[in-house]
Amino acid sequence: MTRALSCVGKSVPRGDAVEKVTGSARYAHDLALPGMLHAALVTSPHASARIARVDVADAAALPGVRAILAGANLDVRLGLYMRDKRILARDVVRYQGEPVVAVAADTLDIAREACRRVRVEYEPTRAVFDPRDAMKSGAPLVHPDLESYAHLEGVFFPKSNTNVAHHQKIRKGDVDAAIASAEVTLEARFDNPPVQHVPMETHAAIAQALPDGRVEIWTSSQSPYTVRHLMSVVFGLPHASIRVHVPYVGGGFGGKAGLNLEPLVYVLSKAAGGRPVKFVATREQEFNTLPSRQGLHSTIEIGATRAGKIVALKATYVWDAGAYADYGVNVGRAAAYSGAGPYAVPNCSIDSFVVYTNKVYGTAYRGFGHLEVLWGIERAIDQMARKLGLDPAEFRRRNLLTVGDTTITGETFTAGHGKPVECLDAVAKAIEWGTPSTPPASSTKRRGKGIAMLHKAPAMPTSTSCSAIIKLDEDGAADILVSGVDYGQGTYTVLRQIAAEELRLPIDAVHINSDCDTAFTPYDWQTVASRFSYMGGHAVIEAAADCLRQLRFAAAQVFGVAPEKIVCENASAYPDGEPERAIPYRSLALGYVYPNGNAIGGPVIGHGRFIARGLTHLAPDTGQGRPAQFWTYGAHGVEVEVDTETGEIEILRIASAVDAGKVLNAGLARGQVIGGVVQGIGSALWEGFRFDKEGRLKNPSFVDYKIPTAKDLPREMVPILLENPQPDGPYGARGVAEHPMISVPSAIGNALYDALGIEFASLPLSPEHVIARLAEKGTKP
Amino acid sequence: MLGRFEYARPQSVDEACRLLAEGGRAAAVLAGGTDLLVDLRNGFRSPSLLVDVKRLGELQALKTRSDETVVGAAVPLNVVVENRELRKAYAGLSDAALSIATYQLRNRATVAGNLCNASPAADMAPILLVLDAELTVQNAKGTRAVPVATLFTGAKRTCLVPGDVVIDVRMPPLDGELRTAFRKQQRIRGHDLAVVNAAAAYAPSRATLRVAVGSCAPTPVLLEPFDTKGTSPQALADEVLRAAAAATAPIDDVRASAAYRRAVLPVLLRRLLADVVSGRGGGI
Amino acid sequence: MHDIELRVNGHAERASVPAGMTLLEFLRDRLALTGAKEGCGIGECGACTVLLDRTPVTACLVLAVEADGLDVRTIEGEAADGELSALQRAFVDAGAVQCGFCTPGMIMSARALLLRSPHPSDEEIVEAIAGNLCRCTGYEAILAAIRAASGTGGEP
């Protein structure tokens, strides 16, 4: 098809922007139902303790209290990949901040007052906070019953009687022999702290247990159908009896994937006689009770030839899963199959351990383990380049995946994967790589440049699927129904553009549901992994084709020609070559009516679907297989200025290239890049959980957990979107939403070396961290 | 809801004092509320009566006359920041006020409130210490002046007693010569509490330099005045650094380690001295 | 309970409120003006920013009773007669909105800025919105939107 695109690729503004700028967009946070109760939680002050006694008598006596639940009342376990978590702690608590007792009351104030009256006696037990300690024999077991937990068999491999929730192995070639014979080797260790997603809307959910056994849920979630499915699994309810609504969602970044507060509000509603119950996490609970991004400890060995070819890469990744590992196991899996970076590595061995500790638990967070793994890999690649006396960009060029290479899981790299080297070259050019920085204004400041590569594929089940429905309205406009969630990334606008393009409608005549409702919007797995514009895009294309088929069929009868002779253009249908005879869609959308009153056709409703193709489970012992529907590659180039007296880092400029395949909406794609880069800067420079010796989170609020503000931006940000098409992507597109965040810390760390000559191994690169390392360097002889 | 308590908005300072006297320890003064309401929400304090003094004329006063400089206790920080007379005379005061929190919070937060909250990191404290400011404090028994230098008795503790209302903060008359400056080290450029803060006031004709440091001891610390006559800038800086090190005892907390505080305090002080000695801190 | 009278988006409101009720709760729960959001409850995120006598405040740290006699403006008062203000239009056109949760507070901070400084400098814009946290956009498009709305008048 050579027709110029009329809508795809244009910077169409978000369809929901007007609702959002007027304050009329409704979030779960804003919803209220008649008779609705409000819930509050008693959370554990201990990281590890036995619950000796729970006394709720005083709380129950408070007027307005309608339900009080403790773990002893609830005998279910939750989980998508690993069913290791309870709604409320039962018998033991495993992290400080874990919910222990929940109250539903007429008002939030009463619920909170009741919580203050609950008395829980704890007997503190031995805790373990460092996952490396947790792997040692004799470490206290966070889950002594791990053996008995249901999990996704054949994909995850928990080790009984240990704290290892999953061990992912990747084996390619003979890594030990290759390292032993390598001309140059390097070993380095890196650390990432746990961090928080910080969606501006904290988690919020409402549930109503209906008298006939049905349940209705309104939730701030990325995953309407996954919530429905897991509710069904956990509570043994038929899927059709669970209806999940997702209104506007105030950010998610992975933290609202899977199942979160929905079971809690459901059991409270049941206990309260079926009144709807709402729970909104406080910001402190968002930090301390709801999941975060896992910490990581990496050990990376690289072997290379003197000529600068990587011959081997061996890595051990130890993930700090926290107290529960439902999502963490999959982060550990995905980051392992991406765990050598976007390089051709002939011999590779990766062991990725997802390890329980007594801390707040981890989940998906934008980049799904890749920011963490690539912090180490991309810093190690730089170190190796220096060891070889090579320019770090040149070393990367010699090793980046190119057509014909195989990845570490045995996938063949093709032209359809995009061009990593073009990303590298684009950012190198943008920051004038190879040209020293202009000197800083102050003699106590230092400048430096760094680059880093990134890659990521969607981490999802091999059978992940998606569907879309398009209904034509009386006026000939189209309504798209999907259950992917647009929580800010802009995917709904992109789907409208695709539908407009396919149906030959103006963009204003294409509408999309602003909220999801599993009773009416069709199946989608969940909105994670930068996969929805790709999969939803395909489903919309197919649904549009279905609509066109119906339109053509009706028009063909009207014109007395074969359906394939009907052209659909400009919201109308006509026989090929006779546009003057066009019938507008509005005359066909519900069926065509002849002058005599006879009618044909009927309401046009198209259905489209997509399922992941060709994916396989990874072989348990080698990790070989095809885990990825598509890969997206990118790079960052950054120039920093460091104040050597205070340790402050200013980003002078950052150029970020992503090979998008096809840019479906330039404005929205740019928004994803800029937003991702700034979030990546947060991870690089400031963000990270701080725990005290007892495992209590010391910074569970915006007072001491700092995210970037408008004052903290780089002086210049340069988004670069490349378009080397993905052959099986809609219009050649691949996902780009998570990627801009990945490797931002790595590029900054590399620039810091250039500026200071210091190898930074842990995040965040806070002023304090920089000063500590400068002091260390200064005192060395 | 921030708790169950009564609220009163007295029409006069006398009435406020009477209400506070009756309320005793269970009563609290509400001015900007940006610290108090957070404490109520977090359950750190649970007074049974809030006495809102924000609208009292005396507490809204802002005078920058040749004979007195007065900032009423309920004057929002943004009013201080945006006052041109104050900026001209006491740049360090304006900068300290500007460094606090966010634009929205500075529309509520007050100079007096920042002092009375008695955080070791209070950004208004060092500058008001070097300016020799004092608070006018009234209670049912009468009115007294409390020098800022005697206000702080410990972390989050002051010499004020239940029943006291701060009426205003008084500074010396605008002094065309005095050079003041404020510096703050924080974790991020956006709103943050001070890891270390410091202020200086330098009077060239009197050859006097005053320096105060915050967030490095249980209370903000005012150093003994320095005589700058015949001292080279380098020697003066060394003397200030020595005195500051001796008078402070930084601790590790969630915002910074003691080691980092010790490392940046001299940096901040050197920059501060450059500000006032080179005149960048305002003055003439 | 305290009887208060105030103006909200130009409408006179009379209510009886407990002393402990915040202005944010009053707006959201009593007046159903849910545009202002609670993002933290301690004044750190700016999602609840509203104008009190034309100056922006975090409504989570103002008691409803403190607003007695004052003029309150919320995001719901920004579009006059169903027409977006130039500022709102600029947010739409610049792509300054993603999840939208911070947007009402952000626009109110920007509105207050334009009221006091119709042609703000970049530095003023940054200072005005630095108290409004946004996790999605990276702020760049927001700054562009406010720049674009510069000079479009104090009143919407």
Here the residues within segment A:755-781 that are aliphatic (A, V, I, L, M), within 14 Å of chain B (Cβ to nearest Cβ) and part of a helix (DSSP H, G or I) are A:770, A:771, A:772, A:774, A:775
Which residue, of A:267, A:329, is in contact with a helix residue (DSSP H, G or I) (Cβ under 9 Å, 6 or more places away or on another chain), of a type in the set (A, V, I, L, M, F, W, C) and modelled with pLDDT of 95 or more?
A:267
Residues of segment C:119-152 being more than 8 Å from every other protein chain (Cβ to nearest Cβ), outside any helix (DSSP H, G or I) and open to solvent by less than 30 Å² (accessible area, probe 1.4 Å), in sequence order, are C:120
Tell me, yes or no, whether segment A:740-754 has at least one residue that is outside any helix (DSSP H, G or I), out of contact with any Pro (no Cβ under 9 Å at 6 or more places or on another chain), more than 10 Å from every other protein chain (Cβ to nearest Cβ) and not basic (Lys, Arg).
yes
On the given criteria, is residue A:710 more than 9 Å from every other protein chain (Cβ to nearest Cβ) and either in contact (Cβ under 8 Å) with a residue 12 or more places away in the chain or open to solvent by less than 10 Å² (accessible area, probe 1.4 Å) (or both)?
no
The one condition in (1) assigned by TED's automatic domain parsing to the domain that holds residue A:400; (2) among the polar types (S, T, N, Q); (3) buried (at least 18 other Cβ atoms within 10 Å of the Cβ) that residue A:435 fails to fulfil:
(3)
Going through segment B:9-23 one residue at a time, which ones are open to solvent by 20 Å² or more (accessible area, probe 1.4 Å) and over 25 Å from residue B:106 (Cβ atoms)?
B:11, B:12, B:14, B:15, B:18, B:19, B:21, B:22, B:23
Looking at (1) within 23 Å of residue A:770 (Cβ to Cβ); (2) surrounded by fewer than 20 Cβ atoms within 10 Å (Cβ to Cβ); (3) not acidic (Asp, Glu), can you tell me which one residue A:727 breaks?
(1)
Return the residues of segment A:262-309 that are closer than 25 Å to residue A:352 by Cα and either among the hydrophobic types (A, V, I, L, M, F, W, C) or open to solvent by 10 Å² or more (accessible area, probe 1.4 Å) (or both); say none if nothing qualifies.
A:290, A:296, A:297, A:299, A:300, A:301, A:302, A:304, A:309
Just to be sure I understand, how many residues within segment A:418-432 are open to solvent by 20 Å² or more (accessible area, probe 1.4 Å) and assigned to a helix (DSSP H, G or I)?
6
Restricting the search to segment A:8-67, which residues are in a helix (DSSP H, G or I) and either within 30 Å of residue A:506 (Cβ to Cβ) or over 29 Å from the mean Cα position of the chain (by Cα) (or both)?
A:17, A:18, A:19, A:20, A:21, A:57, A:58, A:59, A:60
Would you point out the residue of segment B:134-164, among those that are of a type in the set (Lys, Arg) and assigned to a loop (DSSP other than H, G, I, E, B), that is least open to solvent (accessible area, probe 1.4 Å)?
B:156
Could you list, ordered by first residue, the pairs with Cβ atoms under 7 Å in which the first is in segment A:154-180 and more than 19 Å from residue A:410 (Cβ to Cβ) and the second is hydroxyl-bearing (Ser, Thr, Tyr), at least 6 apart or interchain?
A:156/A:81; A:158/A:149; A:163/A:356; A:165/A:356; A:179/A:185
Just to be sure I understand the filter: pairs with C-beta atoms under 8 Å, separated by 6 or more residues or on different chains, first member in segment A:38-55 and open to solvent by 30 Å² or more (accessible area, probe 1.4 Å), second member small (Gly, Ala, Ser) and assigned to a strand (DSSP E or B). Which pairs pass?
A:38/A:104; A:38/A:105; A:54/A:70
Candidates A:774, A:752 - the one that is aliphatic (A, V, I, L, M), surrounded by fewer than 20 Cβ atoms within 10 Å (Cβ to Cβ) and in contact (Cβ under 8 Å) with a residue 12 or more places away in the chain:
A:774
For segment B:114-129, check the following and say yes or no: at least one residue is over 14 Å from the mean Cα position of the chain (by Cα) and not in a helix (DSSP H, G or I).
no
Only one of these conditions is not met by residue A:443: (1) more than 28 Å from the chain's Cα centre (by Cα); (2) modelled with pLDDT of 95 or more; (3) assigned to a loop (DSSP other than H, G, I, E, B). Which number is it?
(2)
Looking only at segment C:28-59, which residues are within 16 Å of residue B:109 (Cβ to Cβ), open to solvent by 10 Å² or more (accessible area, probe 1.4 Å) and within 14 Å of chain A (Cβ to nearest Cβ)?
C:42, C:44
In segment B:1-77, which strands (runs of 3 or more DSSP E) lie fully inside it and hold 2 or more residues that are away from every other protein chain (no Cβ under 11 Å) and touching a helix residue (DSSP H, G or I) at 6+ places or on another chain (Cβ under 8 Å)?
B:27-30, B:62-64, B:69-72
For segment A:456-496, name all the residues that are under 24 Å from residue A:243 (Cβ atoms) and hydrophobic (A, V, I, L, M, F, W, C).
A:466, A:468, A:469, A:470, A:480, A:481, A:482, A:485, A:495
Do we find a residue being under 19 Å from residue B:197 (Cα atoms), open to solvent by 10 Å² or more (accessible area, probe 1.4 Å) and outside any loop (DSSP other than H, G, I, E, B) anywhere in segment B:102-112?
no
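Report whether or not residue A:101 is assigned to a strand (DSSP E or B) and more than 14 Å from every other protein chain (Cβ to nearest Cβ).
Judged against the criteria, residue A:101 is a match.
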Within 30 Å of residue A:248 (Cβ to Cβ), more than 14 Å from chain C (Cβ to nearest Cβ), without any contact (Cβ under 8 Å) to a residue 60 or more places away in the chain and assigned to a loop (DSSP other than H, G, I, E, B) - does that describe any residue in segment A:194-213?
yes
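The values are calculated or read from the model by the stated rules, or taken from the named source; none is laboratory data. Since the model is a prediction, treat every value here as computed from it, not as a measurement. We place every Cβ from the backbone using ideal geometry, glycine too, and count neighbours over all the protein chains shown. Keep in mind that these areas ignore ligands, DNA and RNA; they rest on the heavy atoms of the full protein, side chains included. Shrake-Rupley method; radii C 1.70, N 1.55, O 1.52, S 1.80 Å.
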